[in-house]
Amino acid sequence: MSNVVPVRRFNTTFDHVNVDYDWEYKAVWVNLKYPGRPCMTRALLHDVDQVQREVKELAEQGYKNGDENRMRYQVLTSSLPGVFNLGGDLAHFIDLIKRRDRQGLLDYATSCIDILFPSSQGYGIPFTTITLVQGEALGGGFEAALSSNVLVAEEGATFGFPETVFGMFPGMGALSFLSRKLAPALAKRIVASGKVYSAAELYEMGVVDVLAPAGEGRQAVINYIRHQQTRENGFVCLDKVMDQINPVTYQELMNITTLWVDAALDLTDKNLRLMSYLVNAQERRWNAEEETTQQVAG
């Protein structure tokens, strides 16, 4: 077993993130936690942004100093069994749309881009970002997973973009990141379908990089890191080549995000009712699971 201990560099206690450092494998584990509905709230985005800034600072410092023991991997996962992330904060979207708050929508979307883009670039140094999905990853949760350099998923994990159900599209990088792995037409088909895909289906397509047996996702991440460490120079160069062949730029993501904001403001009352229905369904499910957990604990 690897030696996972809290990162002493992180002096702040976060409500939505637990941070652990695996000294043996030079990896920081960023575990999402959810006091409420497991979606991309502003509070969650704030905490992840703060963690990323410190990870970037530590990794850059070690790289510039030529430290052989520097941080080289970041693993994003969820501490909530069965759920990675259910996507954007739809209740917040509905409120902003009803108030015609374009700047509020743009600020929210930009905060997502400001997290996803650095992750996709490995913070601009030889550094590998990994996402481990062990449950549901929908909408913005799926986008977050796609933004990492490596996507590891357990059998039984599911992925999808429900946005088309209520007249929207995933606007924070879905098509950009999917198109790095797939033909653009196939990426569009996945987004437009509204279908929920299994981890096995996406592994066959090439979207999921490592498919792990149920319950063995963390070990699969460790195995991947161990394998990469013995061939690190080649993997780093391969990532650089892929970035050259099919780059994703910050400006591209922002241009798409602007289209997303405009589309959100064009939603009809019927679209908003469908969005509200999805929020209520998530709330009912979340409350039921919370009650079950409390009964088991009691």
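Take the residues in the range 1-44 that are at pLDDT 85 or above and charged (D, E, K, R); name whichever of them is farthest from TYR123 (Cα to Cα).
Restricting to residues being at pLDDT 85 or above and charged (D, E, K, R), the top hit is ARG37.
Condition test on TYR73, is it closer than 21 Å to PHE161 by Cα, more than 14 Å from the chain's Cα centre (by Cα) and of a type in the set (Phe, Trp, Tyr)?
Judged against the criteria, TYR73 is not a match.
Would you say PHE93 is of a type in the set (Phe, Trp, Tyr) and either assigned to a strand (DSSP E or B) or in contact with a His (Cβ under 9 Å, 6 or more places away or on another chain) (or both)?
Answer is no for this residue.
Kindly indicate the residue of the range 26-44 that is surrounded by fewer than 20 Cβ atoms within 10 Å (Cβ to Cβ) and not polar (S, T, N, Q) and also nearest to HIS92 (Cα to Cα) among those meeting that condition.
The extreme case among them is ARG42.
The values are calculated or read from the model by the stated rules, or taken from the named source; none is laboratory data. Keep in mind the model is a prediction, meaning the values are calculated, not measured. Here the Cβ is made from the backbone with ideal geometry for all residues, glycine too, and neighbour counts use every protein chain on show.
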